[in-house]
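If you scroll down you'll find the structure; I have some questions about it.
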Amino acid sequence: MAEEFIPIVQRAYDFAVNLYLHVNRFPRLHKPLIGRELIGLVLKLLNTLVLANRRRDNDCRQMAFSESTF
């Protein structure tokens, strides 16, 4: 299931791409301040979702392994 992404991860990725395109249209004064902060937050969200998906996959594998050994 590591290759499959849950829909929220795909939507967060799409949001990050769209946000990046919008930030590039910010005025020069706001781009380094607000733009960098927004992009940083959305990338942190995306990273957290991917890590949560991996952790869930690892937990499922560990449970399946522990059930098969007994």
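Only the coordinates and a few stated rules stand behind these numbers; no lab work does. Note that this is a predicted model, so its numbers are computed, not measured. Cβ: placed from backbone, ideal geometry, glycine included. Neighbour counts: every protein chain shown.
Hey, can you rank 48-60, 20-32 by average C-beta count inside 10 Å, highest first?
48-60, 20-32
Residue by residue, what Karplus-based ³J(HN,Hα) values in Hz, rounded to whole numbers, does the range 9-18 have, using 6.51, -1.76 and 1.60 with θ = phi - 60° and x for Gly and Pro?
Listing the rounded values in order: 5, 5, 5, 5, 5, 4, 4, 4, 5, 5 Hz.
Let me ask you something else. By how many nm would the segment from residue 13 to residue 55 lengthen if fully extended, with 0.36 nm per residue of separation less the alpha-carbon distance? Show your work: numbers first, answer last.
Numbers: separation 42, 0.36 × 42 = 15.12 nm, distance 1.87 nm.
Result for the pair: 13.3 nm of gain on full extension.
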